[in-house]
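Structure first, then comments.
The values are calculated or read from the model by the stated rules, or taken from the named source; none is laboratory data. None of the values given here were measured: they were computed from a predicted structure. Cβ placement follows ideal geometry from the backbone for every residue including glycine, while neighbour counts extend to all protein chains displayed.
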Amino acid sequence: MKYDFIVVGHGLAGAILSYTLRKRGHRVLVIDEPRPSSASRVAAGLLNPVAGKRFAKSWLADEFIPAADAFYAELGTHFGRELYTHRPIYKIFSTIEEQNTWMAKCASEGWQDYILGTYTQGASQPAVQNPHGGILIGRGGSLLVAEMLDLLTAELLAQNLLLPERFEMDQLQLTGQGVRYKNLEAGHLVFCEGFQVVNNPYFKWLPIQPTKGEVLEVQADNFNPDCIYNKAVYVVPVGAGRFRVGATYNWREPNEQPTEAGRQELEERLSQITPTPFRTIRHLAGIRPAVRDRKPLIGVHPQFSQLSVFNGMGSKGVQMAPYLAQQFSAALAGEAELLPDIRISRYLSLYYDYLKHQNTQL
Ligand SMILES: Cc1cc2nc3c(=O)[nH]c(=O)nc-3n(C[C@H](O)[C@H](O)[C@H](O)COP(=O)(O)OP(=O)(O)OC[C@H]3O[C@@H](n4cnc5c(N)ncnc54)[C@H](O)[C@@H]3O)c2cc1C
């Protein structure tokens, strides 16, 4: 059977890329080993246009957010199910200093679209401790990631376009026309393996930093289900009085086991946001495909033009993947250039080092 593309991996990256390629009229086969603890399946699904304690507008927010809005709206229409919900994000100031930092920042250009309000005194919400106030951020929201993946998986399976199994690298052959994999042929193969790209002989030279994260799902009936809260952790509504609370960051423990320490950290941080009771129902862990410079890793292999990679979504896959999938699929069709900041070619020197190392091993 001949395809235009084989996509390996059906997490957020592979699912959004393969849907985008299909929408462009390409025949796409997906190969994915189902993994309940994949980063995408444990993710809280948050999209937040304001990054970190320094109150910076997140990288390329003006490009990523409209593309994400359009993509998830179209997917919602396609499946007749609202998967992405716009919600205000209440970022609570931890200290007066934080409040001051924000007051200095907010006068600068380009913020108006993203801020719904600034509170210098606690807003009167009984479930929330916010003595120094906070900001209400607009244009963010949350995606039901696992539901989205389930719907896309079911659609692909029904059309025989998904092999739910591990991709066996030793079955891959590179040909003059593209690739052969077992009895299948395709013009091009894209790897979207998340952190597991560290085992991929063609792309293991890329500087992925597998970063473990833990998240809780809690029942908290007093919380406002229409708002996302943030102070050291995110509290993201997922329906029926439940919220995902996350996440931890750990570079030293590359496994998907939830830990007691992770649970305590998240519960303590949640207690600092709310004095009202909550009950932990689930505790999950996964590994993010983070990158040294916090930018995605996208592009065609420097030597084998039949292969490419779409990876490095770090902790912002929900926000970045729709725009990047659009740009990459246009680039693969020769219609656009990838942004320099996301190209894997920025790490070409690592590829040459890798080749040198391989040669000395022989
Ligand atoms: C605790 C936690 C919370 C997070 N919260 C958020 C959030 O709120 N918002 C946000 O934007 N991001 C969040 N993230 C980050 C987000 O999860 C990632 O950016 C995104 O999911 C990465 O998607 P991916 O498809 O690249 O990787 P993955 O989700 O890891 O998917 C890779 C897929 O490829 C498959 N695969 C790999 N190798 C093979 C192979 N050889 N053969 C077959 N299949 C293979 C895997 O089984 C998997 O299905 C969070 C991450 C964690 C860990």
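Total residues in the range 240-250 satisfying the condition of being at pLDDT 95 or above and surrounded by fewer than 16 Cβ atoms within 10 Å (Cβ to Cβ): the figure is 1. None of L12, L60 is within 27 Å of G213 (Cα to Cα), touching a Gly at 6+ places or on another chain (Cβ under 7 Å) and in contact (Cβ under 8 Å) with a residue 40 or more places away in the chain except L12. Considering each residue of the range 271-287 in turn, none proves to be under 18 Å from the mean Cα position of the chain (by Cα), over 18 Å from E193 (Cβ atoms) and surrounded by fewer than 21 Cβ atoms within 10 Å (Cβ to Cβ).
Any residue at all in the range 334-357 that is surrounded by 13 or more Cβ atoms within 10 Å (Cβ to Cβ), within 16 Å of the ligand (Cβ to nearest atom) and within 29 Å of L17 (Cα to Cα)? Within the range 334-357, one or more residues are surrounded by 13 or more Cβ atoms within 10 Å (Cβ to Cβ), within 16 Å of the ligand (Cβ to nearest atom) and within 29 Å of L17 (Cα to Cα). The one condition from (1) in contact (Cβ under 8 Å) with a residue 40 or more places away in the chain; (2) more than 16 Å from the ligand (Cβ to nearest atom) that N160 does not meet is (1).
Identify all residues within the range 301-325 that are of a type in the set (V, I, T) and either surrounded by fewer than 21 Cβ atoms within 10 Å (Cβ to Cβ) or outside the structural domain of I342 (by TED's automatic domain parsing) (or both); write none if there are none. Selection gives nothing. Candidates in the range 240-255 are the residues that are outside any strand (DSSP E or B) and among the aliphatic types (A, V, I, L, M); of these, the one that is nearest to the ligand (Cβ to nearest atom) is A247.
With respect to the conditions (1) of a type outside the set (S, T, N, Q); (2) away from the ligand (no atom under 16 Å from the Cβ); (3) under 28 Å from the mean Cα position of the chain (by Cα), E97 falls short on a single one, namely (3).
Select from the range 169-213 the residues that are of a type in the set (G, A, S) and near the ligand (Cβ under 8 Å from one of its atoms) and write down the one among them that is farthest from V42 (Cα to Cα).
Only one residue tops the list, namely G194.
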